[in-house]
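The values are calculated or read from the model by the stated rules, or taken from the named source; none is laboratory data. Nothing here was measured: the structure is a model prediction, and the numbers come from that model. Glycine gets a Cβ as well: all are built from the backbone with ideal geometry, and neighbour counts include every protein chain shown. Only protein heavy atoms, including side chains, enter the accessible area calculation; ligands, DNA and RNA are left aside. Shrake-Rupley method; radii C 1.70, N 1.55, O 1.52, S 1.80 Å.
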Amino acid sequence: MIRRCLDGLYLGAGILAALFMMSIGVLIVSSVIARLMGSYVPGLNQYAGYAMASSSFLALAYTFRAGGHIRVNILLTHLQGRKRWLAELWCLGVGAYLAAYVAWYSIRMVRVSHMLGDVSEGVDATPLWIPQLGMAIGSTLFAVCLVDRLVAVARGAEIEKAGGDAAAVE
């Protein structure tokens, strides 16, 4: 049940990231059309930037779960059995720690921006905590995803080889 909930959460964040990605295209095309018509809509470029940041962070967990992140396997490909398993645990542990660190400070940034009433410098004066939410939520989900994988590998889940094949832990 927990596995289905987490996978659903990662998928939901991935879908949201895709929607933000599509909104970037809509915002840029709208900006170009407005300029061709001799008009200027303030804030469109800033909103496209906010959508790009949200899209990038919200896609992290889904992409990791789908195996789409680039992984450096120079050392891991030469390890087998228990050494490979320990190295994988170490990598996931460090990654989870760093992702949790980013998540903690992203959430803190949203809280402080909201508390101070921080707004963007553009003419739209968007409260900054709103676009910062995408980063906070995405980085938190990525940290959860890394801890999820760390626990799975620690419990004996298969470890991926360089070519995407799975290797059983010996």
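Against the conditions (1) surrounded by 14 or more Cβ atoms within 10 Å (Cβ to Cβ); (2) without any contact (Cβ under 8 Å) to a residue 12 or more places away in the chain, where does C5 fall short? Just the number, please.
Condition not satisfied by C5: (1).
Given the conditions (1) buried (at least 19 other Cβ atoms within 10 Å of the Cβ); (2) under 18 Å from L146 (Cα atoms), report the number of the one that V110 does not fulfil.
Every condition holds for V110 apart from (2).
Restricting to region 64-74, and then to whatever is open to solvent by less than 80 Å² (accessible area, probe 1.4 Å) and farther than 18 Å from G12 by Cβ, can you tell me which residue is nearest to the chain's Cα centre (by Cα)?
Of everything passing the filter in region 64-74, H69 is nearest to the chain's Cα centre (by Cα).
Among the residues of region 75-85, which ones are buried (at least 16 other Cβ atoms within 10 Å of the Cβ) and among the charged types (D, E, K, R)?
R84
What residue, of A17, A51, A34, is touching a Ser or Thr at 6+ places or on another chain (Cβ under 6 Å), open to solvent by less than 50 Å² (accessible area, probe 1.4 Å), of a type in the set (G, A, S) and over 19 Å from C145 (Cα atoms)?
A51 is the lone residue from the list that is touching a Ser or Thr at 6+ places or on another chain (Cβ under 6 Å), open to solvent by less than 50 Å² (accessible area, probe 1.4 Å), of a type in the set (G, A, S) and over 19 Å from C145 (Cα atoms).
Residue-by-condition table, conditions (1) open to solvent by less than 60 Å² (accessible area, probe 1.4 Å); (2) in a helix (DSSP H, G or I):
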| position | (1), (2) |
| --- | --- |
| Y62 | no, yes |
| A87 | yes, yes |
| Y101 | no, yes |
| Y105 | no, yes |
| V123 | no, no |
| G134 | yes, yes |
| I137 | no, yes |
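List pairs: first residue in region 69-98 and under 25 Å from L141 (Cβ atoms), second residue hydroxyl-bearing (S, T, Y) anywhere in the structure, Cβ distance under 6 angstrom, at least six positions apart or on different chains.
Filtered contacts from region 69-98: H69/T63.
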